[in-house]
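Down below is the structure, laid out as structure tokens.
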Amino acid sequence: MLRLQTLELHYHRGSHSCRVRPFVQLRGVPAMRYHGDHMASAELEARWQFFGRWSIVGFGRAGTTHSYDRAFTATQNVGSGGVGFGYELACKFGLHGEVEERWPRKPVTSTERLHGA
């Protein structure tokens, strides 16, 4: 049976602390590395329990930040994903042990200048 394990969506915009700007927080992506005035991220994880306690897991994660100033705007996008297999250690608690292979990608960054210097 294929089961959607996790679906998370996060969005933050506008007012934020003067010390910490909104940042992308995803498993497999360095924390606080991608931050801006606006932030959005999504995570999806699915599990297929194919034989007794054995299962296959697939997951994908993506995040984006957007910063703006009078002189320019900048957008950073980052994503990661992977597959793995696992064994259900405790049926009663839904505890799984897993081995995963992840594929983090380097961020794609674009900067546009809106006003002349």
| query | Would a scan of region 12-22 turn up a residue that is modelled with pLDDT of 80 or more, surrounded by 14 or more Cβ atoms within 10 Å (Cβ to Cβ) and part of a strand (DSSP E or B)? | reply | no
| Of all residues in region 69-105, how many are among the aliphatic types (A, V, I, L, M), touching a residue at least 40 places away in the same chain (Cβ under 8 Å) and in a strand (DSSP E or B)? | 1
| field | Residue in region 45-53 that is under 30 Å from Val20 (Cβ atoms), surrounded by 16 or more Cβ atoms within 10 Å (Cβ to Cβ) and modelled with pLDDT of 85 or more present | value | yes
| field | Of residues in region 31-44 being part of a strand (DSSP E or B) and under 11 Å from the mean Cα position of the chain (by Cα), the one nearest to Gly94 (Cα to Cα) | value | Leu44
| remark: Going through (1) within 20 Å of the chain's Cα centre (by Cα); (2) surrounded by 14 or more Cβ atoms within 10 Å (Cβ to Cβ); (3) at pLDDT below 80; (4) outside any strand (DSSP E or B) one by one, Leu26 fails only at (3)
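Here is a yes/no grid of residues against (1) exposed (fewer than 12 other Cβ atoms within 10 Å of the Cβ); (2) modelled with pLDDT of 75 or more:
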{"site": "Arg70", "(1), (2)": "yes, no"}
{"site": "Thr75", "(1), (2)": "no, yes"}
{"site": "Gly79", "(1), (2)": "no, yes"}
{"site": "Val83", "(1), (2)": "no, yes"}
{"site": "Ala90", "(1), (2)": "yes, yes"}
{"site": "Val99", "(1), (2)": "yes, yes"}
{"site": "Arg102", "(1), (2)": "no, yes"}
{"site": "Pro107", "(1), (2)": "no, no"}
{"site": "Ser110", "(1), (2)": "yes, no"}
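The values are calculated or read from the model by the stated rules, or taken from the named source; none is laboratory data. These figures come from a predicted structure and were not determined experimentally. All Cβ positions, glycine included, derive from the backbone under ideal geometry; neighbour counts span all protein chains shown.
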